[in-house]
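**Q** There's a structure below that I have some questions on.
The values are calculated or read from the model by the stated rules, or taken from the named source; none is laboratory data. Since this is a predicted model, take the numbers as computed values, not measurements. Cβ placement follows ideal geometry from the backbone for every residue including glycine, while neighbour counts extend to all protein chains displayed.
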Amino acid sequence: MHVNLKILRYNPEVDKKPHWETYNVECEPGDRVLDLLNHVKWYVEPTLTYRRSCAHGVCGSDAMLINGRNRLACKILIRDLTKDGGTITVEPIRGLKVEKDLLVDMDPFFESYRAVLPFFINDDPVPAGERLQTVEDRERFDQGTKCILCAACTTSCPIFWVNGRYLGPAAIVQAHRFIFDSRDKGTSERLNLLNQNTGVWRCRTAYNCTEACPREIPVTQLIEEVKRAIMYQQA
Amino acid sequence: MQHHRYDVIVVGAGGSGLMASLYAAKNKNVSVAVISKLYPTRSHTGAAQGGVGAALGNVSEDHWEWHMYDTVKGGDYLADQDAAEIFAKDIIDAVYELEHMGLPFSRLPNGKIAQRKFGGHTKEFGKAAVERACYAVDRTGHMILQTLYQQNVKAGTTFFNEFQVLDLIIEDGVCRGVVAYEISTGEVHVFQAKSVVLAAGGYGRVFKITSNALSLTGDLMSIYYRKGLPLEDLEFYQFHPTGIAKLGILITEGARGEGGILRNDSGERFMERYAPSIKDLAPRDIVSRAIYMELREGRGAGKDKDYLLLDLTHLPRDVIEGRLPDITDFSRTYLGVDPVTAPVPIQPTAHYAMGGIPTTVDGECLANSSTTVRGLYAAGEVACVSLHGANRLGTNSLGDLIVFGKRAGIAAARYAQDAQFEDLPARADGAALDEIERLKSGHGTENAARIRKELQETMMDNVSIYRTDETMSRQVEILKELQARYRNVSVTDTSTKYNTELMEAMELGYMLDVAEAMTASALNRKESRGAHAREDFPDRDDENWLKHTMAYRDLSRPGEVNIGYKNVVLGKFEPKPRVY
Ligand SMILES: Cc1cc2nc3c(=O)[nH]c(=O)nc-3n(C[C@H](O)[C@H](O)[C@H](O)COP(=O)(O)OP(=O)(O)OC[C@H]3O[C@@H](n4cnc5c(N)ncnc54)[C@H](O)[C@@H]3O)c2cc1C
Ligand code: SF4
Ligand code: FES
């Protein structure tokens, strides 16, 4: 079948503002949107620019706004978008500066990530073997460990769009992963950070993040759990 | 041109690079920086699923000697036994260390790290499969990558992300730094260093069907080879038996470790015929050849009879969804097949390079069978220690990254601590700038993507699971033609910012050169061993071929490859026929 791939393009060295271009592409229903982008880049319009690496939804490179929703181009198939041809729109994720075509500046995103102390903290002397952890304690923070830092959640959040200082859902998911790890000792520090005006209280539970997450992490729920942990700590 | 100076530079930010940087930086006398063409967490270590093998003995009795034996036998006795011994011993503490860094391993009811079975890992020197793979659900590599990156953030490591290395500066046998292209600006930077650690991963993208990321194009292997330095054992390339049909996306061997069974068109468990004792959990080279034979003899499934089936349907839903959630998701997403209720179509997929840049057990790069390139180190898939010999066992690569990444980092820092910065040549970035200029000048008429596609298809046809003199000789000629056409490639994107077309064209040049060394090495080895299976020489020949290949580009005769050899380090385990 054929689809029209309508892409919002922008080359800072030439264009004053972004503009749409449409490419008619032959494809199979089982093709990934990334396959179509690659086809255009390799055989039609080599200047088309985007990030990609793993091509199967594990590296987090290619979050884009596809038919109006944040998705990974490598994890959404044509048959999930259209049965009988038609148009598929592709735009860069929102809220981060567009550098070129579908590629955005990820620095602010990773700054927020680094701000929540995204690493294991426990200065106790280590045992000779492993620290023990029960199956239940391990399960408690499993969801957050799946995160691939793709930014689909943060860049679907209306609060983040208007206030880039909000740390955003992805950073909170990372913090949650450590806050609820029974082995970690940095909880109060992280909760204090997230209690500030760039932290969890900005969240208005719009649920956009949960819908956007390609790893099916219940992002909003994790944010709520962090809010509750802050309240318990203060009580 | 921008100029930087660090005592130690690490190229690559996957598991091996992040381990090297972490340990180099523990030496407080040296400055360390990491250069990576991908943002670190995008590295392909994150795609590893099944586990990291270590004889912890958490589920049943296990010993490092058994692990060492399995590694050597799995490698068809081409593994260097000094490396295998260090590895099997050190990986035990290394796994505990990862746990201490916070890595969220899955747990047993007694709170210890969970372990499961994996191909080729046995107890009592081959008696029965043993639970040795330490795992974090089915995203062990993801958790290793995340944990090591987190630890580097904690340690304040300096990163140059989305910088693509285009050259190594080596003069008079001493490495003096690297040249890198800043993708966001198009600027070329020179990084002067006392020591450099190469940790740039594999090159699976030379094949059409692969589990490897689009970014795995053999850049640093090729840059090394272009200087007339050797690549070791490139003929040994592993095809993993279970890639998702047509796409090559991996389904971990852990699926068979949990009880999954391979079946042909008639539902037969065909591995019983090929490896009667460990069946579906035989090493990968054996299972991939069995699949190839089943397909060739017309027992494939589907209307074109071009794939086989991985059957998990007899396993409880909570085992499949609970222990293999990611691969369940891949199967549902990409095939529309639910592994809980239907078998998954699979075919072998190009997966792992046993060969690479030859190194000592401390990661020092070798310029020939005995001398090192001073100040240059390598670890991970880009390197060949040789731990894996002719065939790598599942879970031994993640272990390789951790054990030898750390050793290379420590050794590079120790060297840098006592060394001086060496002078740089006049135009250190000259070769890189010339190549960029050539590709951007717009005179060529060839399209890089077309050449790449032909490369991938022909390598798949001619140098994959089974090889013959005829197919490989044909490929040698094809590669010469593709290389000639490559010299006539130009890019249409002339911009400076994020010129990914230019970088992809560079990568094609690397892929072609690695394919050249690989094909020449495979054509030269007239025996079958591990992953190198020749139909015209079906047997292993220890008398003539128990030795490592060292492939050198002939710098005076383009397209010609000179082959040398290096001794295998033997030891505890005498070469024996390899039966399972
Ligand atoms: C799907 C899959 C599943 C696997 N599962 C397992 C498993 O369960 N157990 C196991 O033991 N092994 C497994 N393996 C193998 C193992 O994961 C890899 O061999 C290993 O992760 C490679 O790590 P690395 O550090 O060498 O390279 P990578 O993680 O690939 O990292 C390469 C790095 O080099 C950088 N780089 C490359 N070229 C350049 C350049 N020109 N300039 C600058 N930077 C550059 C990249 O940006 C990247 O950071 C699996 C492999 C795959 C593909
Ligand atoms: S929580 Fe989900 S959407 Fe957000 S960065 Fe992580 S993986 Fe991406
Ligand atoms: S390319 Fe890796 S997530 Fe899509």
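**Q** The conditions are (1) within 14 Å of chain A (Cβ to nearest Cβ); (2) touching a Pro at 6+ places or on another chain (Cβ under 8 Å); (3) not in a helix (DSSP H, G or I), and B:M143 fails exactly one of them. Which is it?
**A** (3)
Residues checked against (1) facing chain A (nearest Cβ under 9 Å); (2) in a strand (DSSP E or B); (3) under 30 Å from A:L103 (Cβ atoms); (4) not hydrophobic (A, V, I, L, M, F, W, C):
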{"position": "B:R132", "(1), (2), (3), (4)": "no, yes, no, yes"}
{"position": "B:Q150", "(1), (2), (3), (4)": "yes, no, yes, yes"}
{"position": "B:F159", "(1), (2), (3), (4)": "no, yes, yes, no"}
{"position": "B:Q164", "(1), (2), (3), (4)": "no, yes, yes, yes"}
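**Q** Separate question: Any residue at all in the stretch B:217-229 that's under 30 Å from B:V34 (Cβ atoms) and either in a strand (DSSP E or B) or in contact with a His (Cβ under 6 Å, 6 or more places away or on another chain) (or both)? Even if it seems obvious, please write down each step before you answer.
**A** Let us first name the residues in the stretch B:217-229 that are under 30 Å from B:V34 (Cβ atoms), namely B:217-229.
Subset that is either in a strand (DSSP E or B) or in contact with a His (Cβ under 6 Å, 6 or more places away or on another chain) (or both): none.
Scanning the stretch B:217-229, I find no residue that is under 30 Å from B:V34 (Cβ atoms) and either in a strand (DSSP E or B) or in contact with a His (Cβ under 6 Å, 6 or more places away or on another chain) (or both), so the answer is no.
**Q** Say we look at the stretch B:32-46 and pick out the residues that are within 6 Å of ligand 1 (Cβ to nearest atom) and part of a loop (DSSP other than H, G, I, E, B); which of these is farthest from the other protein chains (Cβ to nearest Cβ)?
**A** Ranking the candidates gives B:K37 first.
Okay, residues lined up against (1) out of contact with any Asp or Glu (no Cβ under 9 Å at 6 or more places or on another chain); (2) touching a residue at least 40 places away in the same chain (Cβ under 8 Å):
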position	(1), (2)
A:D15	yes, no
A:E21	no, no
A:N24	yes, no
A:R32	yes, yes
A:K41	no, no
A:E45	no, no
A:T49	no, yes
A:R52	no, no
A:G57	no, yes
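**Q** Would you say A:R69 is more than 16 Å from ligand 1 (Cβ to nearest atom), basic (K, R), in the same structural domain as A:A229 (by TED's automatic domain parsing) and modelled with pLDDT of 95 or more?
**A** Details: more than 16 Å from ligand 1 (Cβ to nearest atom): yes; basic (K, R): yes; in the same structural domain as A:A229 (by TED's automatic domain parsing): no; modelled with pLDDT of 95 or more: yes.
It is false that A:R69 is more than 16 Å from ligand 1 (Cβ to nearest atom), basic (K, R), in the same structural domain as A:A229 (by TED's automatic domain parsing) and modelled with pLDDT of 95 or more.
**Q** Also, I was wondering about something else. Could you please give the count of residues in the stretch A:135-173 that are closer than 23 Å to A:L191 by Cβ, away from ligand 3 (no atom under 16 Å from the Cβ) and either modelled with pLDDT of 95 or more or within 14 Å of chain B (Cβ to nearest Cβ) (or both)?
**A** Step one: of the stretch A:135-173, the residues closer than 23 Å to A:L191 by Cβ are A:136-147, A:149, A:153-154, A:157, A:159-160, A:163-173.
Narrowing the set further to residues that are away from ligand 3 (no atom under 16 Å from the Cβ) leaves A:136-145, A:157, A:159-160, A:163-169, A:171-173.
Going one step further and asking which of them are either modelled with pLDDT of 95 or more or within 14 Å of chain B (Cβ to nearest Cβ) (or both), we end up with A:136-145, A:157, A:159-160, A:166-169, A:171-173.
Counting residues in the stretch A:135-173 that are closer than 23 Å to A:L191 by Cβ, away from ligand 3 (no atom under 16 Å from the Cβ) and either modelled with pLDDT of 95 or more or within 14 Å of chain B (Cβ to nearest Cβ) (or both) gives 20.
**Q** Additional query: Any residue that is closer than 21 Å to A:C213 by Cβ, within 16 Å of ligand 1 (Cβ to nearest atom) and either free of Cβ contacts under 8 Å to residues at least 24 places away in the same chain or surrounded by fewer than 23 Cβ atoms within 10 Å (Cβ to Cβ) (or both) - is there at least one of those in the stretch A:87-100?
**A** No - not one qualifying residue is present in the stretch A:87-100.
**Q** Here is a further query. Out of the stretch B:6-57, which residues are within 16 Å of ligand 3 (Cβ to nearest atom) and within 15 Å of the chain's Cα centre (by Cα)?
**A** To start, the set of residues in the stretch B:6-57 that are within 16 Å of ligand 3 (Cβ to nearest atom) comprises B:13-14, B:36-49.
Correct list: B:A13, B:G14, B:S43, B:H44, B:T45, B:G46, B:A47, B:A48, B:Q49.
**Q** Somewhere in the stretch B:518-526, is a residue under 20 Å from B:S215 (Cα atoms) and in the same structural domain as B:S215 (by TED's automatic domain parsing)? So that I can check it myself, show each step before the final result.
**A** The first filter runs over the stretch B:518-526 and keeps only residues under 20 Å from B:S215 (Cα atoms), leaving B:518.
Add one more test, that the residue is in the same structural domain as B:S215 (by TED's automatic domain parsing), and what stays is B:518.
Within the stretch B:518-526, one or more residues are under 20 Å from B:S215 (Cα atoms) and in the same structural domain as B:S215 (by TED's automatic domain parsing).
**Q** Please determine whether any residue of the stretch B:415-423 is among the aliphatic types (A, V, I, L, M) and in a loop (DSSP other than H, G, I, E, B).
**A** Filtering the stretch B:415-423 for residues among the aliphatic types (A, V, I, L, M) gives B:416, B:419.
Retained after the next criterion (residues that are in a loop (DSSP other than H, G, I, E, B)): B:419.
Yes, the conditions are met somewhere in the stretch B:415-423.
**Q** Consider A:H39 carefully, then state whether it is touching a Leu at 6+ places or on another chain (Cβ under 8 Å) and modelled with pLDDT of 95 or more.
**A** On the way: touching a Leu at 6+ places or on another chain (Cβ under 8 Å): no; modelled with pLDDT of 95 or more: yes.
So A:H39 fails the test.
**Q** Then there's this: Could you list, in sequence order, the residues of the stretch B:426-459 that are buried (at least 16 other Cβ atoms within 10 Å of the Cβ) and part of a loop (DSSP other than H, G, I, E, B)?
**A** B:A428, B:D429, B:G444, B:N447
**Q** Now, a different point. Contact list please: Cβ distance under 6 Å, first residue in the stretch B:130-155 and free of Cβ contacts under 8 Å to residues at least 24 places away in the same chain, second residue outside any helix (DSSP H, G or I), pairs at least six apart or on different chains.
**A** Within 6 Å, the pairs are B:V153/A:F119; B:K154/A:F119.
**Q** For the stretch A:99-132, which residues satisfy the criterion of being farther than 20 Å from B:G102 by Cβ and within 11 Å of chain B (Cβ to nearest Cβ)?
**A** Result: A:E99, A:K100, A:D101, A:L102, A:L103, A:V104, A:D105, A:M106, A:D107, A:F109.
**Q** Can you spot a residue in the stretch B:51-61 that is without any contact (Cβ under 8 Å) to a residue 40 or more places away in the chain and not assigned by TED's automatic domain parsing to the domain that holds B:V287?
**A** The initial filter retains those residues of the stretch B:51-61 that are without any contact (Cβ under 8 Å) to a residue 40 or more places away in the chain, namely B:57.
Remaining after also requiring not assigned by TED's automatic domain parsing to the domain that holds B:V287: B:57.
Looking through the stretch B:51-61, at least one residue is without any contact (Cβ under 8 Å) to a residue 40 or more places away in the chain and not assigned by TED's automatic domain parsing to the domain that holds B:V287.
**Q** Filter the stretch A:35-85 for residues that are aliphatic (A, V, I, L, M) and more than 16 Å from ligand 2 (Cβ to nearest atom) and give the result.
**A** Within the stretch A:35-85, A:L36, A:L37, A:V40, A:V44, A:L48, A:A55, A:L77, A:I78, A:L81 qualify.
**Q** Listed residues B:T333, B:T341, B:T349, B:T371; which is polar (S, T, N, Q), over 21 Å from the mean Cα position of the chain (by Cα) and within 14 Å of chain A (Cβ to nearest Cβ)?
**A** Values: B:T341 fails: within 14 Å of chain A (Cβ to nearest Cβ); B:T349 fails: over 21 Å from the mean Cα position of the chain (by Cα); B:T371 fails: within 14 Å of chain A (Cβ to nearest Cβ).
None of the others qualify; the one that does is B:T333.
**Q** Across the stretch B:7-37, what is the number of residues that are surrounded by fewer than 23 Cβ atoms within 10 Å (Cβ to Cβ) and either within 16 Å of ligand 2 (Cβ to nearest atom) or of a type in the set (S, T, Y) (or both)?
**A** Residues in the stretch B:7-37 being surrounded by fewer than 23 Cβ atoms within 10 Å (Cβ to Cβ) and either within 16 Å of ligand 2 (Cβ to nearest atom) or of a type in the set (S, T, Y) (or both): 2 in total.
**Q** Regarding B:D70, is this residue under 16 Å from B:E574 (Cβ atoms) and touching a strand residue (DSSP E or B) at 6+ places or on another chain (Cβ under 8 Å)? Lay out the reasoning, then the answer.
**A** Working: under 16 Å from B:E574 (Cβ atoms): yes; touching a strand residue (DSSP E or B) at 6+ places or on another chain (Cβ under 8 Å): yes.
The answer is yes for B:D70.
**Q** Something else now. What residue, of B:G530, B:G564, B:G559, is small (G, A, S) and modelled with pLDDT under 95? Working first, answer last.
**A** Working: B:G530 fails: modelled with pLDDT under 95; B:G564 fails: modelled with pLDDT under 95.
On inspection, the qualifying residue turns out to be B:G559.
**Q** Here are some residues: B:A114, B:A136. Which one is of a type in the set (G, A, S) and within 8 Å of another protein chain (Cβ to nearest Cβ)?
**A** Values: B:A114 fails: within 8 Å of another protein chain (Cβ to nearest Cβ).
Answer to the check: B:A136.
**Q** Between residues in the stretch B:456-471 that are not assigned by TED's automatic domain parsing to the domain that holds B:F207 and residues that are outside any loop (DSSP other than H, G, I, E, B), which pairs lie under 8 Å by C-beta distance while being six or more apart or on different chains?
**A** Short answer, once both residue conditions are applied: none.
**Q** Can you work out which of the residues in the stretch A:119-141 that are under 26 Å from the mean Cα position of the chain (by Cα) and more than 25 Å from B:I91 (Cα to Cα) is farthest from ligand 2 (Cβ to nearest atom)? Spell out how you get there, then give the answer.
**A** Just the residues of the stretch A:119-141 that are under 26 Å from the mean Cα position of the chain (by Cα), to begin with: A:119-121, A:137-141.
If we keep only those that are more than 25 Å from B:I91 (Cα to Cα) too, we end up with A:137, A:139-141.
Values: A:D137: 21, A:E139: 18, A:R140: 17, A:F141: 13 Å.
Filtering first and then ranking leaves A:D137.
**Q** Exactly one condition in (1) in contact (Cβ under 8 Å) with a residue 12 or more places away in the chain; (2) in a loop (DSSP other than H, G, I, E, B) is false for A:P127; which is it?
**A** A:P127 satisfies all of (1) in contact (Cβ under 8 Å) with a residue 12 or more places away in the chain; (2) in a loop (DSSP other than H, G, I, E, B) except (1).
**Q** Looking at the stretch A:62-69, is at least one residue of a type in the set (A, V, I, L, M) and within 11 Å of chain B (Cβ to nearest Cβ)?
**A** Applying the first criterion (of a type in the set (A, V, I, L, M)) to the stretch A:62-69 yields A:63-66.
Those still in the list that are within 11 Å of chain B (Cβ to nearest Cβ) too: none.
No.
**Q** Residues to consider are A:D123, A:D35; find the one that is of a type in the set (D, E, K, R), surrounded by fewer than 22 Cβ atoms within 10 Å (Cβ to Cβ) and not assigned by TED's automatic domain parsing to the domain that holds A:K6.
**A** Details: A:D35 fails: not assigned by TED's automatic domain parsing to the domain that holds A:K6.
Just one listed residue meets the conditions, A:D123.
**Q** Oh, and also: Within 24 Å of B:G356 (Cα to Cα), of a type outside the set (D, E) and within 14 Å of chain A (Cβ to nearest Cβ): is that true of B:M459 in this structure?
**A** Numbers: within 24 Å of B:G356 (Cα to Cα): yes; of a type outside the set (D, E): yes; within 14 Å of chain A (Cβ to nearest Cβ): no.
Against the criterion (within 24 Å of B:G356 (Cα to Cα), of a type outside the set (D, E) and within 14 Å of chain A (Cβ to nearest Cβ)), B:M459 does not qualify.
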